[in-house]
Amino acid sequence: MILIVNTTSETAVTKKIKEYTDAAGIETEIFEAGEMDISHCIGCNHCWLKTPGVCAIKDDYEIILKRMIHADQIWVISDTALGFLNHRGKNIYDRILPLATMYLQFKGDQMRHIARYDKRADFGLIYIGDCDRDYLERWNKRVALNFESESLGVFDHKELKEAVACMY
Amino acid sequence: MHVLIINGSPRVKKYSNTDKILERFTGGLCEEGSGEGNTFEQYEISDKGQWDTIREEYYRNSNIIIALPLFVECIPGLLMEFLESLKVREDNAAIAYILQSGFAEGVQLRCGETYLEELTKRLGCEYRGTLVKGSNFGIRLTEGKARDKITAPYEEMGREFSKTGNFFSDKCRAFTGPEVFPAFVRFLLGIMFKTAGRKSFDKAAKSWGCTLPLDYRPYD
């Protein structure tokens with residue numbers, strides 16, 4: 001299953017993606033997070049040390065988190081700000097931490113948190129607005145590294161066909 | 001020198017590791033003797049009630065330090081939200097950063113560090129470097145001497161900033177420590193993670209009232 005989290009108000013983007021994925025017979029699940037109540041991560045660490053795997057913030061993010069553990073791929077659609085994802089997009093990543101445990105291990109030559117679940121979802125990013133694309137590519141690879149998965153790439157919202165080509 | 005310090009951590013001040021780091025850093029910055037005459041004012045991004053004041057002080061000050069924890073390879077969403085509300089400056093203001101993380105190796109923070117330089121340009125300010133250091137997760141889980149061992153080295157960095165007004169010196173670069181650990185250290189740490197490390201996290205969790213195993217899967 002391909003999980004798509006659209007943090008923008010541009011529902012035309014997800015509509016177009018759905019057209020392409022339906023035509024290709026790709027199973028998707030889309031969250032229009034731009035209309036959902038999703039807070040920032042407050043860094044409380046409760047999801048690691050107090051209520052393992054459960055975020056202390058009770059808002060609409062929990063339903064997304066519950067679907068993430070079944071996804072083969074996670075795609076985030078975000079507006080940009082100051083050359084990077086805007087805060088709505090970044091919040092989706094910051095709140096992913098319950099998928100990791102507090103425990104540590106080395107993967108290659110770097111420390112990583114041990115994943116809480118068996119499934120590993122690869123990460124793709126679609127952005128709307130001005131940004132440093134090379135930097136976003138680098139950042140997305142680092143995100144994937146943290147979850148023992150692969151980066152599927154970073155795409156401008158005008159490159160939806162190219163993005164969907166990476167969905168399976 | 002007067003420095004505006006913005007604690008960019010979304011965690012409340014009382015529990016903020018970044019705040020404990022800043023306590024030591026500002027101690028060195030304003031130390032009697034080397035830091036004579038230096039002053040600072042500090043605000044917390046975690047307190048949205050302070051945001052209007054932070055914005056006012058941001059435009060009023062030209063010597064700014066933003067201290068922040070690394071959140072998923074870059075800056076925390078809450079700090080991003082605040083920064084998005086700022087207008088581009090055109091009056092020679094300068095920003096330096098204190099970037100800290102839980103992971104210990106320098107390489108873990110480089111992606112975040114790269115963005116901070118780009119961010120500064122986008123804000124219309126001069127970049128004065130980033131003090132990069134990991135291995136800070138334990139600050140919240142320790143007290144007394146154990147905590148001091150982690151935070152005390154930041155005093156020297158405060159003295160260094162007092163001298164140079166930036167984080168470009170060799171001393172600041174060396175402060176990061178190893179980019180990656182040598183293979184034998186990784187081997188030893190790997191064993192420690194499976195034994196004493198797990199026990200110490202389990203103990204910390206118990207003290208927080210946790211009754212479940214830390215690798216519990218609530219949504220299976």
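The values are calculated or read from the model by the stated rules, or taken from the named source; none is laboratory data. Bear in mind that the values here come from a model prediction, so they are computed numbers and not experimental data. Here the Cβ is made from the backbone with ideal geometry for all residues, glycine too, and neighbour counts use every protein chain on show. To get the accessible areas, we keep the full protein, side chains included, count just its heavy atoms, and leave off ligands, DNA and RNA. Shrake-Rupley method; radii C 1.70, N 1.55, O 1.52, S 1.80 Å.
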Helix-derived mean residue ellipticity, 222 nm - over chain B, DSSP H n ≥ 4, -39500 (n - 2.57), to 500: -12500 deg cm²/dmol
Ranked order, B:Asp148, A:Asp59, A:Asp37 - accessible area, probe 1.4 Å, largest first: A:Asp37, B:Asp148, A:Asp59
Cα centroid separation - the range B:1-27 against the range B:33-48, whole Å: 8
Probe 1.4 Å, accessible area per residue of chain A, Å²: 39
Modelled label reach - B:Glu31, point 7 Å along Cα→Cβ, the range B:143-185 residues with backbone N closer than 12 Å: B:152-163
Apportionment of accessible area to carbon and sulfur, the range B:181-220, percent (1.4 Å): 65
DSSP bridge orientation in the protein assembly as shown - percent antiparallel, rounded to nearest 5: 15
Three-way shape label, chain B, alpha-carbon gyration tensor, a/c 1.5: prolate
Label-point gap, in nm, between A:Arg67 and A:Glu29 - each point 7 angstrom along Cα→Cβ: 0.6
Computed [θ] at 222 nm, deg cm²/dmol, chain A (DSSP H ≥ 4; -39,500 (n - 2.57); rounded to nearest 500): -9000 deg cm²/dmol
Under the Karplus curve 6.51 cos²θ - 1.76 cosθ + 1.60, θ = phi - 60°, whole-Hz ³J(HN,Hα) for the range A:71-84, x wherever Gly or Pro sits: 7, 7, 9, 10, 10, 10, 10, 9, 6, 10, 7, 6, x, 10
Point-to-point label distance, B:His2-A:Lys15, nm (Cα→Cβ direction, 7 Å offset): 5.4
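How do B:Cys30, A:Cys47 rank by accessible surface area computed with a 1.4 Å probe, from largest to smallest? Mind showing how you got there, number by number?
Numbers: B:Cys30 45, A:Cys47 15 Å².
Highest to lowest solvent-accessible surface, that is B:Cys30, A:Cys47.
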Efficiency of FRET from Cβ geometry, B:Tyr59 and B:Phe168, R₀ 30 Å, rounded to 0.05: 0.75
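So which of B:Lys14/B:Lys199; A:Lys107/B:Lys194; A:Lys18/A:Lys161; A:Lys66/B:Lys203 end up more than 19 Å apart, counting from Cα to Cα?
B:Lys14/B:Lys199; A:Lys66/B:Lys203
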Cα centroid of the range B:142-208 to Cα centroid of the range B:51-123, whole Å: 21
Among B:Ser207, B:Ser169, B:Ser135: highest mean-square fluctuation, GNM of chain B, C-alpha pairs under 10 Å: B:Ser207
Listing of the range B:186-207 residues, each with accessible area lower by at least 40 Å² in the full protein assembly than in the chain alone (probe 1.4 Å): B:Arg186, B:Phe193, B:Arg198, B:Phe201
Most fluctuating residue given options B:Glu90, B:Glu160, B:Glu113, as computed from a GNM of chain B linking Cα atoms under 10 Å: B:Glu90
A:Arg133 accessible area, assembled protein chains, probe 1.4 Å, Å²: 70
Accessible surface of the range B:2-175, 1.4 Å probe, proportion on carbon and sulfur as whole %: 47
Label-point separation in nm, B:Ala183 to B:Glu118, each point 7 Å along Cα→Cβ: 3.5
Gaussian network model of chain B, Cα within-10 Å springs - most flexible of B:Phe71, B:Phe201, B:Phe40: B:Phe201
The range A:1-101 - share of DSSP beta bridges that are antiparallel (%, nearest 5): 15
FRET efficiency, B:Asp202 to B:Glu143 (Cβ-Cβ, R0 25 Å, nearest 0.05): 0.85
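With r defined as the distance between the Cβ atoms of A:Asp22 and B:Leu212 and R0 fixed at 41 Å, what FRET efficiency is calculated, to the nearest 0.05?
It comes to 0.50.
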Nearest-10 value in Å² for the accessible area of A:Thr51, using the 1.4 Å probe: 60
